[in-house]
Amino acid sequence: MPELPEVEVVRRGLETWVVGRTIAHVEVTHERAVRRHLAGPLDFADTLVGSRVHAAMRRGKYLWLPLVAPGAEEPEDALLAHLGMSGQLLVEQPETPRQKHLHVRLTFTDGGNELRFVDQRTFGGLAVERGGATLPPSMAHIARDPLDPLFDDVLFHAALRRRNTEVKRALLDQSLISGIGNIYADEALWRSKLHGARPTGKLTLAQTTLLLASVRDVMTDALAVGGTSFDSLYVNVNGESGYFSRDLDAYGREDQPCNRCATAIRRVSFMNRSSYFCPACQRPPRLSAAAGRPAPQQH
Ligand SMILES: [Zn+2]
């Protein structure tokens, strides 16, 4: 799954290349790509044609383009993009040959570059959500992401204390904080010197603050080099991959020396995936033998 930095890279591309333009024609070549548009592909295309793209918005890993309908002044509906595992939004010249997995093609009234949705594994898709310009209703349950200026650190800390789960599990919970996946969770925990199994109910405000700062730092660093690409599927709208995979400190580095203390990075199974951490820098929570519960920690 692309995480926040990879999706933000795409959002910035859409902002540069697509915002302000009016959709001329919509071609759906693979109906599965618009399956979330329940009224069907024809309605999907009809709704989009003549609409002007007002902005490029993101919450966590989700993108949407608020649309101004023909004759209207304010945006009302929104074109949502779910990138899924392998979805790409590419800005291409009209004469560029069709990609093998091209599913949706949008052309614009200015006759310039097209917007193409290409998706190898077809988990992603596009849909128009009525009245979704400000915040699509299907995204209302998704928490603000840590780069959102309105993200509230103190409220997040209170929610962590209440939830009392493992800190890595909390970082992946899109209802608490959005946009963080396995890669950036491991990186932020490594930077914070926190083990992912630490109980959130015991975190101090200072630890939460450090964790959020680490999340923001790692995402900002990743954004600066275009995100993290492992299999060339996460690309910007010009089809270019990011370079952050070279700068990872924990993720994917099993048995390699920790960049801080040289101890070998360890990998453990976690939620059907892997967690990577430094066993020296990131001490596991102490278990009290009697209760099998994490022992109280100093605040
Ligand atoms: Zn270390």
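Test each condition in (1) at pLDDT below 95; (2) of a type outside the set (D, E, K, R); (3) on the phi < 0 side of the Ramachandran plot for Leu160 and report the one that comes out false.
Tallying (1) at pLDDT below 95; (2) of a type outside the set (D, E, K, R); (3) on the phi < 0 side of the Ramachandran plot, Leu160 fails exactly one: (1).
Restricting attention to the range 37-81, and to residues there that are over 15 Å from Val18 (Cα atoms) and of a type in the set (A, V, I, L, M), which single residue is surrounded by the fewest Cβ atoms within 10 Å (Cβ to Cβ)?
The selected residue is Leu38.
Among the residues of the range 184-199, is there at least one that is touching a Gly at 6+ places or on another chain (Cβ under 6 Å) and modelled with pLDDT of 95 or more?
yes
State yes or no: is Ala224 at pLDDT 95 or above, away from the ligand (no atom under 16 Å from the Cβ) and exposed (fewer than 14 other Cβ atoms within 10 Å of the Cβ)?
No; evaluated as a whole, the condition is false for this residue.
Which is among the β-branched types (Val, Ile, Thr), outside the structural domain of Leu63 (by TED's automatic domain parsing) and surrounded by fewer than 20 Cβ atoms within 10 Å (Cβ to Cβ), of Thr204, Thr200, Thr134?
Only one candidate passes the filter, namely Thr204.
Within the range 219-228, count every residue that is under 12 Å from Glu3 (Cα atoms) and in a helix (DSSP H, G or I).
Here the count works out to 3.
Identify all residues within the range 250-283 that are within 14 Å of the ligand (Cβ to nearest atom), surrounded by 19 or more Cβ atoms within 10 Å (Cβ to Cβ) and of a type outside the set (Phe, Trp, Tyr); write none if there are none.
Ala250, Arg253, Cys258, Ile265, Cys278, Cys281, Gln282
Results for (1) in contact (Cβ under 8 Å) with a residue 40 or more places away in the chain; (2) of a type in the set (Asp, Glu), shown as yes or no for each residue.
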position: Val49; (1), (2): no, no
position: Pro66; (1), (2): yes, no
position: Asp77; (1), (2): yes, yes
position: Ser86; (1), (2): yes, no
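Determine, yes or no, whether Ala213 is surrounded by fewer than 17 Cβ atoms within 10 Å (Cβ to Cβ), part of a helix (DSSP H, G or I) and away from the ligand (no atom under 16 Å from the Cβ).
Spelling it out, Ala213 is indeed surrounded by fewer than 17 Cβ atoms within 10 Å (Cβ to Cβ), part of a helix (DSSP H, G or I) and away from the ligand (no atom under 16 Å from the Cβ).
The values are calculated or read from the model by the stated rules, or taken from the named source; none is laboratory data. The shown structure was predicted, so the numbers you read here are calculated from the model rather than taken from an experiment. FYI the Cβ positions are ideal-geometry reconstructions off the backbone, even for glycines, and counts take in every protein chain you see.
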